[in-house]
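Okay, so here's the structure we're looking at.
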Amino acid sequence: MNVLFSSVHYWLADHPTISQFEWKQGHTFGSSLIFLTLSISIYLSLSLLSFRFSSLLPTLSATTLHCITAVHSLILCLLSLIMVVGCSLAVLHQMPRHDDYWRWVFCFPGNNRTLPRGPVFFWVHFCYLSKILEFMDTLLIILSSSRSRRLSFLHVYHHTMVPLLCYLGIYTSQSLIHIAVITNASVHVLMYAYYFLCSIGKRPWWKRLVTDCQIVQFIFGFICSPIMVYYHFITEVGCSGFGPWCACITFNASLLALFLDFHSNNYGNKIRKDRDSKMEKQT
Ligand SMILES: CC(C)(COP(=O)(O)OP(=O)(O)OC[C@H]1O[C@@H](n2cnc3c(N)ncnc32)[C@H](O)[C@@H]1OP(=O)(O)O)[C@@H](O)C(=O)NCCC(=O)NCCSC(=O)CC(=O)O
């Protein structure tokens, strides 16, 4: 067991590529503003164009589409799991050894005292790049027969904003960003496992649980934030990345509202009653 833990720790936190990681603006992969702007612009234009002209897209057989979707979802499920373990170990590794470690968990020292380097920022950078890979989700939805139901404002808004906020988070060494990576990746393990099972034709009964976990994730963001705000105002140097955190918490609130709406539309009482009465009529 110890050997397993040591080797996981080495490969996910101690390895020189991870422990000596440093975000160098314009040098690290994906760190230039051009990369971010182009990725988001291409994503948005292609999503809108392919939705508008979906009939012109090459048609894939349902089997091919399901195979691609299954592989993509499985890859993201595994990457999310690696991120949960990697980022958690990175936090333990990078946490200061003195008494102030709890403060550090909620508030990276501000005033340029925290630079985006070390294992924690390696995993935040990894998460940022995974958000670019998640753009594929939209393409898969556009190519599917259920696109009119599933290509929602929520979906495109979420996929557009998250890479932007991750970028700002790394750029400003934003406090709480490691907590966001760990909670979001944990939820994504479940979400991509759900999508994987759907794409191989086994629709799980626990869809609602996935949505519930997503909602809990947003609420959790509100629980951690006051602690950071408290430290920001009582310490001389404040917390790093306070401005981008304000953008994140606003985004969090908007997603919470959209997900509560999704929840009531998909699992609300009326929907359930309609479904039950349909079943009764059929039997
Ligand atoms: C249970 C949910 C995860 C998904 O609900 P939906 O009603 O959209 O999904 P669904 O039940 O129709 O999903 C099944 C369909 O997804 C297809 N599918 C499989 N893998 C996929 C992938 N990687 N991307 C997109 N679609 C995929 C299956 O083949 C199947 O298609 P077919 O039906 O054709 O057989 C929900 O909680 C949710 O997140 N809803 C919001 C919509 C959304 O886009 N969410 C993801 C981004 S937001 C996010 O990620 C927030 C966060 O950070 O937690």
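Remarks
- Accessible surface of the chain [probe 1.4 Å, protein heavy atoms]: carbon and sulfur percent: 67
- Fully extended contour minus Cα-Cα distance, from Val237 to Arg203, at 0.36 nm per residue: 7.2 nm
- Against the chain, whose longest principal axis comes from its Cα atoms, helix 269-282 is set at around 30 degrees.
- FRET efficiency for the pair Ser45 and Tyr171, taken as 1/(1 + (r/R0)^6) with r the Cβ-Cβ distance and R0 = 25 Å, rounds to 0.55.
- Helix axis angle, 242-267 relative to the chain longest principal axis, alpha carbon, degrees: 20
- For the range 17-125: accessible area per residue (Å², 1.4 Å): 58
- Taking the Cα centre of the chain as reference, the dipole from Cβ charges on Lys and Arg (+1) and Asp and Glu (-1) amounts to some 960 debye.
- Taking 7 Å steps out from each Cα toward its Cβ at Thr250 and Asn112 produces label points 2.6 nm apart.
- Taking the longest Cα principal axis of the chain as reference, the axis of helix 62-94 is set at about 20 degrees.
- On the basis of the beta-carbon distance and an R0 of 22 Å, His263 and Arg52 show a calculated FRET efficiency of 0.15.
- Remark: the range 1-114 carries a charge dipole of roughly 240 debye about the Cα centre, counting +1 on each Lys and Arg Cβ and -1 on each Asp and Glu Cβ.
- Solvent accessible area, Å² - Ile141, 1.4 Å probe, full protein context: 10
- In the chain, a dipole from Cβ-located charges (positive for Lys and Arg, negative for Asp and Glu) runs towards its positive end, and of Pro16, Ser54, Cys248 it is Ser54 whose Cα lies farthest in that direction.
- Estimated distance in nm for a label pair at Asp99 and Ile34, the labels positioned 7 Å out from Cα along Cα-to-Cβ: 5.0
- Full extension of the chain between Phe153 and Val8 yields a length gain of 48.3 nm, computed as 0.36 nm times the residue separation minus the alpha carbon distance.
- Dipole of the chain [Lys/Arg +1, Asp/Glu -1 at C-beta], most positive-end residue of His158, Val84, Ala185: His158
- Under-5 Å amide H pairs with Ser240, H placed in peptide plane, nonlocal only: Phe108, Gly110, Ser175
- The range 130-264, dipole about Cα centre (Lys/Arg Cβ +1, Asp/Glu Cβ -1), debye to the nearest 20: 620
- Once all protein chains are placed together, Lys202 keeps about 130 Å² accessible to a 1.4 angstrom probe.
The values are calculated or read from the model by the stated rules, or taken from the named source; none is laboratory data. These numbers come from a predicted model, not from an experiment. Glycine also receives a Cβ, built like all others from the backbone with ideal geometry; neighbour counts cover every protein chain displayed. With ligands, DNA and RNA removed, areas are computed over all heavy atoms of the protein, side chains included. Shrake-Rupley method; radii C 1.70, N 1.55, O 1.52, S 1.80 Å.
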